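Shown next, in structure tokens, is the structure this report addresses.
The values are calculated or read from the model by the stated rules, or taken from the named source; none is laboratory data. In this text the structure is predicted, and so the values were computed from the model without any measurement. Glycine also receives a Cβ, built like all others from the backbone with ideal geometry; neighbour counts cover every protein chain displayed. Remember, those area values only see protein heavy atoms, side chains included, never the ligands or the DNA or RNA. Shrake-Rupley method; radii C 1.70, N 1.55, O 1.52, S 1.80 Å.
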Amino acid sequence: NTGSKTNVVFNEEARFVHLLAGEAHFEVFHDESKPFVVYAGKIAIRAVGTAFSVYIKGDSVDVIVTEGKIKVASLKQAVVATDEANLALLDDADSVASFVKGQHAVFQNKIELVETIEPREITKQLSWRDGMLIFDGDSLQDVVNEISRYTPKEIIILDSKIRDLKIGGYFRTGEITPMLDTLAANFNLNVEKINENLIYLSEK
């Protein structure tokens, strides 16, 4: 996804991907001789013949399993992205938990949340893979946060009472103007373009 950075290390023992920033979806080819491991923050995700997404959000890491099963190890410290990455790090983990298709987990220093989500919600969360953003009863604040990932423009909500306004719609990533036009036309919001890179949202 936008703003993502990775470092990939394939060697004779395993396939390693360090997600340094942003979000990525992995579809893993089954190969028992070379395990597939994703490092993100202080967690390591091991998968064979499965599919899952990983999203680094500030100090937390979101994981959604879309196919198969994964194991997630909580590490004592974040792993540096170097060619020296190895499977032994997983053996020194503080804890290991398994997750299956349809589960969403949030990690910080420990597991903060585990839930099973509907296929519709998975489609919504991963719609960026098709170049789309789907909102279905999301707060205006969450919509602005998501939109802001795809534009250098700063969008500021001036009225605190509209931050929780529920928003729904389908938009193409990066097409900011149609999104703002929809907010103005369908959600009774005033969209004020202060300059090329600053936009204010307020109640009409």
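Points to keep in mind about this one:
- Of the helices (runs of 4 or more DSSP H) contained entirely in the stretch 91-204, those carrying at least 3 residues that are farther than 28 Å from ALA24 by Cα fall at 176-186.
- The single residue among SER60, SER33 that is surrounded by fewer than 21 Cβ atoms within 10 Å (Cβ to Cβ) and closer than 17 Å to VAL114 by Cβ turns out to be SER60.
- Residue in the stretch 1-24 that is under 17 Å from GLN103 (Cβ atoms), open to solvent by 40 Å² or more (accessible area, probe 1.4 Å) and assigned to a strand (DSSP E or B) present: no
- Enumeration of residues in the stretch 105-127 that are touching a residue at least 60 places away in the same chain (Cβ under 8 Å), open to solvent by 40 Å² or more (accessible area, probe 1.4 Å) and within 15 Å of the chain's Cα centre (by Cα): GLN125
- Within the stretch 67-78, none of the residues are within 13 Å of the chain's Cα centre (by Cα), open to solvent by 50 Å² or more (accessible area, probe 1.4 Å) and not basic (Lys, Arg).
Residues are listed down the side, and each one gets a yes or a no for (1) at pLDDT below 90; (2) within 19 Å of VAL65 (Cα to Cα):
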position: THR2; (1), (2): no, no
position: VAL8; (1), (2): no, no
position: ASN11; (1), (2): yes, no
position: ALA14; (1), (2): yes, no
position: VAL17; (1), (2): no, yes
position: LEU20; (1), (2): no, no
position: ALA24; (1), (2): no, yes
position: GLU32; (1), (2): yes, no
position: VAL38; (1), (2): no, yes
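- Of all residues in the stretch 172-198, those that are farther than 16 Å from PHE135 by Cα have Cβ atoms under 7 Å from Cβ atoms of residues that are surrounded by fewer than 12 Cβ atoms within 10 Å (Cβ to Cβ) and modelled with pLDDT of 90 or more, 6 or more apart or on another chain, in ASN197/PRO152.
- Residue ID - most open to solvent (accessible area, probe 1.4 Å), chosen from residues in the stretch 36-48 that are touching a residue at least 40 places away in the same chain (Cβ under 8 Å) and of a type outside the set (Lys, Arg): GLY41
- So PHE171, is it open to solvent by less than 70 Å² (accessible area, probe 1.4 Å), at negative phi and in contact with a Pro (Cβ under 8 Å, 6 or more places away or on another chain): yes
- Qualifying residue in the stretch 90-104 (condition: modelled with pLDDT under 80, touching a Lys or Arg at 6+ places or on another chain (Cβ under 7 Å) and of a type in the set (A, V, I, L, M)): yes
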